[in-house]
Each structure stands twice: as structure tokens, then as C-alpha cells.
Amino acid sequence: MSVLRPQDQLPGLNAATILLVGTEDALLQQLADSMLKEDCASQLKVHLAHSLPLPSNVNRPRIDLIVFLINLHSKYSLQNVEESLHHVDATFFLGKVSFLATGAGRESHCSIHRNTVLKLAQAYRSPLLFCDLEVEGFRVTMAQRLVRMLQICAGHVPGVSALNLLSLLRSSENPFLEDL
């Protein structure tokens, strides 16, 4: 059990691998299934994990993108992500990590305030996406977006890197307080 590093493995030829981390097994599986249905020029691999660190004895491909799923209805979900973040190497945060918050549609049932998740994403300088994964149409749209992000992070889109993507996603969000 060790820190997950982006360059631990050699890249696969025309392969892109995403790691979805979260406590909501059913939602992760539905999102993974939606992603695998997407038309992708690369060989798409989706790995699911309840938390990090991953077992060190497993032979796995290089991970190109990590998405941390936070259910706004569960404080345990946020705590699990916060603990898992300690097992990710800092170089992953150069455009290869994203946070996905689900459950924002029913704000009256939320245990976690949106600002808490926003501050977490800002602290790690990573994009934060909101999507209600229980709604199939939203889940399919998010799957399309994640597949495109994954292709960029895997280096399969000419002229665009993970850092370029991070820069584009940051400019579309509210500026960080310390940047003002």
C-alpha cells in the first residue's frame, strides 16, 4: 500500500485508464457502464475503488485520470475522499485529478454544503464537477465529458495536455481567493 503516482507504469498503446474512487458503489458502476458505452477511439479502461490506497500487489495499468466521487448526502463520502487524497502523489494534481459531486439536485437533503466541496477542490487546485448521477440523462452527459477529459489526460488529443485542460477548466470557474 503506497502512494499512487502517475508515472509508475508505462502508458499502454492507445489505451486510457480512469480510476473512479468513492463510497457509492452503485453510482460508480452506473457511471462506469455509461462511460464504456461511449464511442472512444482509445481502448477505455475503467477501474473502481472504494478508497485509496490501492493494494500494491495488483498488476494494474497506468492511471491517466482519477475522479473522486463525493455524495453530498453523506459525510462519510467526503471523509473517505479526504483520507484517500493522502495516497495520491502531488504530480497527479497537475490536471489528472477531478472531483465529482453528486446529489446537489436535492439540496434540502444535503449533509455537506457545496462550499465545503468547493474549498476542497480549490485546496487541491483540481476541477469540481456537479452532476446528479441518479438521473440517466445527466449521467450519460457526465460520462461523455469524463471520456473526453480522459482522452486528453492520456495524451490522445493532439495539441492539448492535462495542464491545458486544467487551465481551461480553472478559467471557467470562479477565481481562487488567493489569485485575486
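Summary of values
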| item | result |
| --- | --- |
| Prolate/oblate/rounded call for region 25-80, Cα gyration tensor, a/c under 1.5 rounded | oblate |
| Accessible area per residue in Å² at 1.4 Å probe, computed on the chain | 52 Å² |
| Dipole-positive endmost among Leu169, Leu10, Ile70 within the chain (Cβ charges, Cα centre) | Leu10 |
| Inter-centroid distance (Cα atoms) of region 7-83 relative to region 114-134, Å | 17 Å |
| Apportionment of accessible area to carbon and sulfur, the chain, percent (1.4 Å) | 52 percent |
| Farthest toward positive dipole pole in the chain [+1 Lys/Arg, -1 Asp/Glu at C-beta], among Met142, Leu129, Ala90 | Ala90 |
| Three-way shape label, the chain, alpha-carbon gyration tensor, a/c 1.5 | rounded |
| For a label point 7 Å along the Cα-to-beta-carbon line of Val3, residues of region 76-93 with backbone N under 15 Å | 84-93 |
| Protection-proxy order for peptides 122-134, 61-73, each taking the mean of Cβ atoms within 10 Å per residue, highest first | 61-73, 122-134 |
| Cα Rg, Dmax (largest Cα-Cα span) when computed across region 67-107, Å | 11.4, 35 |
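The values are calculated or read from the model by the stated rules, or taken from the named source; none is laboratory data. Please read these numbers as outputs of a predicted model, since none were measured by experiment. Note: ideal-geometry Cβ built from the backbone for every residue, glycine included; neighbour counts use all protein chains shown. For the accessible areas, the whole protein counts, side chains as well, though only heavy atoms, and no ligand, DNA or RNA atoms are used. Shrake-Rupley method; radii C 1.70, N 1.55, O 1.52, S 1.80 Å.
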